[in-house]
1. Could you tell me the calculated FRET efficiency between residue 165 and residue 85, based on Cβ-Cβ distance and R0 = 22 angstrom, to the nearest 0.05?
2. Evaluate E = 1/(1 + (r/R0)^6) for residue 104 and residue 195, where r is the Cβ-Cβ distance and R0 equals 35 Å; express this FRET efficiency to the nearest 0.05.
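Laboratory data are not the source of any read-out in this text; all were calculated from the coordinates shown. If you're wondering where the values come from, they're calculated on a predicted model, not measured in any experiment. Cβ atoms come from the backbone with ideal geometry, glycine included; neighbour counts cover every protein chain shown.
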């Protein structure tokens with residue numbers, strides 16, 4: 001079930017200083033919230049997805065510099081809150097909207113983007129769902145206008161995107177065990193309108209208690 005995957009993958013972010021110490025030096029600059037502002041981003045993955053770990057890293061980055069982030073759930077499950085808290089995220093500063101379905105979730109994300117108060121809005125949709133072209137057009141324009149990173153989480157792999165041509169950056173997030181309590185989270189960019197596809201980013205992360 002998806003909730004099980006959520007519990008396994010979302011506690012992967014350790015403290016900012018530890019992450020900086022363990023990242024490969026050559027690629028530290030490639031994955032940061034600052035580079036996603038104003039962009040429509042899709043993060044996807046299969047059974048071993050690290051999408052929640054990847055997104056938790058962005059939320060933590062926003063909070064560390066005093067910016068706001070919000071989460072919109074378009075399905076029946078969300079991240080596992082204790083794991084996000086252990087990652088260093090302040091749950092009291094992370095508003096969560098339970099929209100129920102992707103259509104309502106897209107509308108909720110639009111309201112948050114229009115507010116102009118968030119550096120990051122996460123839109124988590126169901127495995128087999130797609131956003132309509134009209135919704136993508138609206139959300140992409142709103143994210144650009146508000147200079148907000150709009151991150152859409154899906155569970156598709158390869159080029160079977162749940163978003164269309166309007167997405168500015170699409171990546172697949174995967175994880176692999178390195179040893180006890182350590183996992184490599186790798187993000188492969190399959191589409192990037194600014195830099196071109198093909199680049200990767202890696203982070204060494206601490207696993208949840210069930211993965212140790």
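1. That pair, residue 165 with residue 85, gives E of 0.05.
2. After rounding, the FRET efficiency stands at 0.55.
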